[in-house]
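Down below is the structure, laid out as structure tokens.
The values are calculated or read from the model by the stated rules, or taken from the named source; none is laboratory data. None of these values were measured; they are calculated from a predicted model. Virtual Cβ from ideal backbone geometry, glycine too; neighbours counted across all protein chains shown. Calculation scope for accessible area: heavy atoms of the full protein, side chains included, ligands and nucleic acids excluded. Shrake-Rupley method; radii C 1.70, N 1.55, O 1.52, S 1.80 Å.
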Amino acid sequence: MNKIKRISEDAWTYLDKWPRDSWTKCQFSHKPKLDSICNNACEVLNSKIKEARAKPIITLLEEVRMFVMRTIARNKVKLSNHVGKLPPVIKSRLEKVRKESKNWHPIWTGDDGYEKFEVHGYPTNHVVDLGKNLCTCQFWMLTGIPCVHACAALSRVNKPPENFCHPLVTMESYKATYNHHINPIPGQPLWEVSEFNKPRAPKVKRPPGKLQMKRRMDSDEKHGGGKRLRVDTKNNDNTHLKRQLGKFTCSYCGDKGHTKRGCKKKRLADAAAAAAAAAAVAEAEAATKNKEGEGGGDPTADQTCVATSDGTNQQGEGGNVQPIDLAPIVTAASDVQQVELDLSQPTCFEQEDSQQVKM
């Protein structure tokens, strides 16, 4: 455990929660004579009652009873034809261990009973006591079957390893397991009717209010038990998760990182278009007033106030209006600075020279 703690602190914390005798072979109990920690016995039962599990409880119990009854009868037939001191499974396992014991070399320690040996081999040496059925590898005590070290020592003293197996793994115990039988039972219509009332399901009363529809939370969320893993690694928040979005692409200019709504190029283009539209409106109004002056108006109205490129006013004579230079307006609109236009006040065409065009 100290080595595991040096390698991984999380693994040591997880293993330390469970008792050592439930997952460490060196601390297993020697009474059951079993060195396996898998749940094969449960898997066998579940596989046999797979079809009956969805049936009512009485039908399920009947299926289990018939399965056990057939199993006992079938194993009794096998026992009657078997010859030997050990069952077939234990015998084949012992033969495999006996073949592997050839790679070990036993050395007698010189005791009076000729029972204590020191067995040498890879990866380390072991001590075997044939009188107490002990070995430092603990395989003999856990399974009840002599280990490779014990088989090597038994071959030295010319004794069969079958005589040193625990009584729980012999044929006598196997026969005692199937010595009983299950009495037959007639069909359910022939059963005696009980004088008591049949059990009924309790009445379920729905609480007042609207039914709560709760979302199944994930395993990483608070009080969740789902399968998917969703964790906000930036903020270490597993309950309030932000939507992960990719980079936006502008549909106007094609650049990434912004949208059409926040595009600077589009804003400049819109400002230039607004300036051009304002200039066109001003030109149209100037042309309309010039036509009215030619038709017999005030002679002083022939002089029209026109804005030039240098910001001063020029008066046109004879009803001729000088054209407005739009180049500075377009240039100012294309600049980085935005141009604000006050379209509510059109260009002035009055007699006073003090009035100027407000842009």
inquiry  = I want to check the label-to-label distance for Cys38 and Ile107. Put each point 7 Å from Cα in the C-beta direction and report it in nm to one decimal.
reply    = 3.8 nm
task = Quote the FRET efficiency, to the nearest 0.05, computed for Glu63 versus Arg93 with a Förster distance R0 of 30 Å and r equal to the Cβ-Cβ distance.
result = 0.40
query = Which peptide among 277-285, 104-112, 17-25, 126-134 comes first, and what is the full order, when sorted by highest mean count of other Cβ atoms within 10 Å?
reply = 126-134, 277-285, 104-112, 17-25
inquiry  = Need the list of lysines near Lys3 for cross-linking: C-alpha distance under 30 angstrom, and skip anything on the same chain fewer than eight residues off.
reply    = Lys17, Lys25, Lys31, Lys33
message = Taking the alpha-carbon distance from Lys50 and a cut-off under 27 Å, which lysines remain once sequence neighbours fewer than 8 residues away in the same chain are dropped?
response = Lys76, Lys78, Lys227
ask   = Excluding ligands and nucleic acids, what accessible area in Å² is computed for Cys137 using a 1.4 Å probe, to the nearest 10?
value = 50 Å²
Inter-label distance for Ala54 and Asn158, nm, one decimal - labels placed 7 Å from Cα along Cα-to-Cβ = 6.6 nm
inquiry  = Using a 1.4 angstrom probe on the protein heavy atoms only, could you order Tyr114, Tyr14 from most to least accessible area?
reply    = Tyr14, Tyr114
query = At what distance in angstrom do the alpha carbon centres of the range 30-45 and the range 122-165 lie from each other?
reply = 23 Å
task = For a quick protection proxy, order the peptides 156-167, 40-51 by their average other-Cβ count within 10 Å, most packed first.
result = 156-167, 40-51
key: Distance-filtered residues of the range 128-152 - backbone nitrogen under 15 Å, label point 7 angstrom along His30 Cα→Cβ   = 128-147, 150
message = Could you check the spin-label model distance between Trp23 and Lys203? Points 7 Å from the Cα along Cα→Cβ, value in nm.
response = 5.0 nm
query = Accessible area, 1.4 Å probe, largest first: how do Thr143, Thr59 sort?
reply = Thr59, Thr143
key: Partners for Lys256 among lysines (Cα-Cα distance below 22 Å; same-chain residues under 8 apart left out)   = Lys242, Lys247, Lys264, Lys265, Lys266
